[in-house]
Amino acid sequence: MTRKALLDDCFLHDKDRLRHDEALAILKKAVSPVVEIETVKLENALERLLAEKITAPRDVPMADNSAVDGYAFRHADFNDAGGFFPLQQRIAAGHTSDLKLAPLAAARIFTGAVMPPGADTIAMQEDCETHQQDGKDFVIVPQGLKKGANCRKAGEDVAEGSEILGNGQRLRPQDLAAIASTGRAEINVFKKLKVALVSTGDELRRPGEVITVGDVYDSNHFLLRGLCATLPVDVKDLGILKDDAALVETTLRKTAEEYDVVLTTGGASRGEEDHMLQALDTLGNRHMWQLAIKPGRPMMFGKIGKCTFLGLPGNPVAAMVCFLNYVRPVMNVLAGGDFIQPQSFQIPAAFDVPKKKPDRREFYRGFLEMDDNGLTTAHKFMRDGSGLITGLREADGLIEISEDVTSIEQGDLVKFLPFSGFGIR
Ligand code: AMP
Ligand code: MG
């Protein structure tokens, strides 16, 4: 019997496995939004993905107004009046004045109040003196103010007709503020992606259950559930699936009919007790398999009907690294957004790696430290086994080392990906 070439890769060298960039390119090409659109109130739109383009229906601010509490005058009048202006009118925020500013006069004005017609410059009240003469109020404005000082121009924040936010953008607090400033109370967002979460393995038990030697608590469920919470998705817990080929296949078939995504952990290798691969090949299409990365080599991506299948390795570190690198951008696209890539910084390494295998990309768990001179360096955990949750917990992010690097010396710049850039707070 001839086997599919891709399946036979436990004998492959890293250079024959799928590279990180190739995997990203395949994923990016293979996915597009699957969710519908719904209208929500602005107060319920935080962290959702926008399903429309928001343009400004009018200038923000709508009219020229004052940036300070002070006195509005006509800059050209300054020399003639010698900075000594009679006060002609008073305008508070929320009020407008139709009264044109008289020649050689000033108006008392407050922050946010609309400028009176004719005025073009405002002096801060702290810089001015007031004066009374013959029962009339005057203001003495100091020298040196530029024309237009302390004025906010109409449309200087957002000009009428300009695009404020684009389709697919994740809505942050400041984005909602910008939408609110246009007067919109409701907006269109993408519905949340429906994700079914499945852990697989005879050895797994849920916290609260009794375990005996050989059993393992299902920590990945909580890891992945938490990671999913950084995306606009609704997670359904399908519990733990036993290592039983028929059961795995039936469960996947049924789940694929009801959810946008099935995200599994465990059973991703080619051991006799690993049934995910076989089930996926039977039910749908598998798009990738072994990756030239460490940790996290086996990672599945495929389609069962309309449902996207994402199969993560069982080792917690590998599961997290694969989630952050591959599952996160895929789910964000399916949910209506971009193929998001993490923020990264070049930071000097505080460690040596005398020998790194070529042809594969490595992700270390790392943390940053600042020395007495204010120089920040990247540290790597010495114990970096793929089953150790401790390093994940103590890390601030990942250190990404590319395929061509074969050694690292202290001081070499390395790519640091803070967890915060993956939405983990
Ligand atoms: P597998 O991918 O099923 O071969 O599992 C690889 C390793 O990860 C084994 O040591 C499993 O016991 C462990 N493992 C698998 N699933 C989980 C899980 N949900 N939580 C914690 N450890 C797991
Ligand atoms: Mg297993």
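The values are calculated or read from the model by the stated rules, or taken from the named source; none is laboratory data. Owing to the predicted nature of the structure, the values given are computational and were not obtained by experimental measurement. For accessibility, only protein heavy atoms count, side chains too; no ligands or nucleic acids. Shrake-Rupley method; radii C 1.70, N 1.55, O 1.52, S 1.80 Å.
Between Gln125, Gln341, Gln410, the residue with the greatest mean-square fluctuation in the GNM of the chain (Cα pairs under 10 Å linked by springs) is Gln125. For Glu126, the solvent-accessible surface with a 1.4 Å probe is about 130 Å², rounded to the nearest 10. Cross-linked pairs Lys15/Lys294; Lys194/Lys294; Lys236/Lys306; Lys29/Lys236; Lys294/Lys357; Lys192/Lys242: Cα-Cα separations exceed 20 Å for Lys194/Lys294; Lys29/Lys236; Lys192/Lys242.
Would you kindly work out the equivalent ellipsoid of the range 1-151 from its C-alpha gyration tensor and give its semi-axes, the square roots of five times the eigenvalues, largest first in whole Å? Before the final figure, lay out each step's value.
Details: eigenvalues 898, 76, 28 Å².
Three semi-axes, in Å: 67, 19, 12.
Just the number: Rg to Rh for the range 345-422, Cα atoms, Kirkwood Rh, two decimals. With Rg and the Kirkwood Rh in hand, the quotient comes to 0.95. Adding -39500 (n - 2.57) for every DSSP H run of four residues or longer, then dividing by how many residues the chain holds, sets the calculated 222 nm ellipticity at -5000 deg cm²/dmol.
Shown for the range 42-115: the carbon plus sulfur share of the solvent-accessible area, taken with all protein chains present and a 1.4 angstrom probe, equals 52%. The convex hull drawn around the Cα atoms of the range 236-331, when projected onto a plane and averaged over every direction, covers 5.6 nm².
Within a straight-line Cα-Cα reach of under 13 Å, Lys28 can be paired with the following aspartates and glutamates, leaving aside sequence neighbours fewer than 8 residues apart in one chain: Asp338. The calculated P(r) of the chain, using every Cα pair and 20 Å bins from 0, goes 21, 37, 23, 15, 3, 0 in percent.
With the full set of protein chains in place, find how many percent of the accessible area of the range 318-360 is carbon and sulfur; take the probe as 1.4 Å. Please report the intermediate quantities before stating the final value.
On the way: 800 of 1580 Å².
Of all accessible area on the range 318-360, carbon and sulfur atoms account for 50 percent.
Compared with the rule-of-thumb size 2.2 N^0.38 Å for a compact globular protein, the range 107-150 has a Cα radius of gyration ratio of 1.23.
3J(HN,Hα) couplings calculated from phi for the range 293-308 with the Karplus curve 6.51 cos²θ - 1.76 cosθ + 1.60 (θ = phi - 60°) are, in sequence order, 9, 9, x, x, 3, x, 8, 10, 9, x, 10, 10, x, 8, 7, 8 Hz; Gly and Pro show x. Database remark: amide H of Ala119 closer than 5 angstrom to the amide H of Leu101 (H placed geometrically; neighbours at sequence offset of 5 or more, or on other chains; Pro and chain starts carry no H).
Ligands, DNA and RNA are left out, and with a 1.4 angstrom probe the accessible area of the chain is 50 Å² per residue. Once the convex hull of all Cα atoms in the range 14-78 is built, its volume per residue stands at 294 Å³.
At 25 °C and a viscosity of 0.890 mPa s, what translational diffusion coefficient does Stokes-Einstein give for the range 110-213, taking Rh as the Kirkwood radius over Cα pairs? Give it in µm²/s as a whole number. Walk me through the intermediate numbers first.
Working: Rh = 21.0 Å.
My calculation gives 117 µm²/s for D.
Residue-wise HN-Hα couplings along the range 132-149, as the Karplus relation 6.51 cos²θ - 1.76 cosθ + 1.60 with θ = phi - 60° gives them from phi, are 10, 8, 6, x, 10, 9, 10, 10, 10, 9, x, 5, x, 6, 7, 4, x, 4 Hz; Gly and Pro carry x.
For the range 65-152, the Cα-based Rg and Dmax, in that order, read 11.4, 34 Å.
Measuring spread by the Cα atoms of the range 267-411 yields a radius of gyration and Dmax of 17.3, 59 Å. The distance linking the range 57-89 with the range 205-245 is 64 Å (Cα centroid to Cα centroid, whole angstrom). 3J(HN,Hα) couplings calculated from phi for the range 80-97 with the Karplus curve 6.51 cos²θ - 1.76 cosθ + 1.60 (θ = phi - 60°) are, in sequence order, 5, 8, x, x, 10, 10, x, 8, 9, 7, 9, 10, 9, 4, x, 10, 10, 10 Hz; Gly and Pro show x. Here the chain carries DSSP beta bridges of which approximately 65% are antiparallel, counting only pairs with both residues inside. Within the listed set Lys236, Lys53, Lys146, the Gaussian network model of the chain (springs between alpha-carbon atoms below 10 Å) gives the highest mean-square fluctuation for Lys146.
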